[in-house]
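*Asks:* To start, I am sharing the structure in question, which I have written as structure tokens.
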Amino acid sequence: MENPVVEVLEIIKERRSIRKYKTKPVENEKINKVLEAARLAPSANNQQPWHFILVTKPEAKESLRAAFKPERQWLMQAPAIICRMRRSKESLEKK
């Protein structure tokens with residue numbers, strides 16, 4: 001077995017951004033695994049200053065796309081979009 005650090009570095013080097021999507025819905029199990037990995041990501045003082053929003057409805061995706069440049073039409077093709085929202089400094093101080 002290779003060194004896990006080397007394996008992760010190779011995966012990172014070979015990653016690519018996908019801009020063409022299948023219309024097939026993403027299984028809940030896969031979405032849950034991605035969200036679980038994100039939830040477990042380290043953060044300073046374990047504050048986890050984020051919320052995740054799953055976007056699947058076409059009208060919500062259109063609102064999201066409208067916030068970006070017009071050439072971001074590929075957003076509309078993705079069957080699911082996970083948005084990471086950062087919590088405000090004020091809400092972090094209340095924690």
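*Asks:* Only Cα pairs within less than 10 Å get springs; with that Gaussian network setup on the chain, which residue of Lys61, Lys13, Lys24 has the largest fluctuation?
*Replies:* Result: Lys13 has the largest fluctuation of those listed.
*Asks:* Report, to one decimal in Å, the Kirkwood hydrodynamic radius for segment 1-63 based on all distinct Cα pairs.
*Replies:* Result for segment 1-63, one decimal place: 15.2 Å.
Every number in this text was worked out from the coordinates using simple rules, so none of it is lab data. Keep in mind it's a predicted model, so treat the numbers as computed, not measured.
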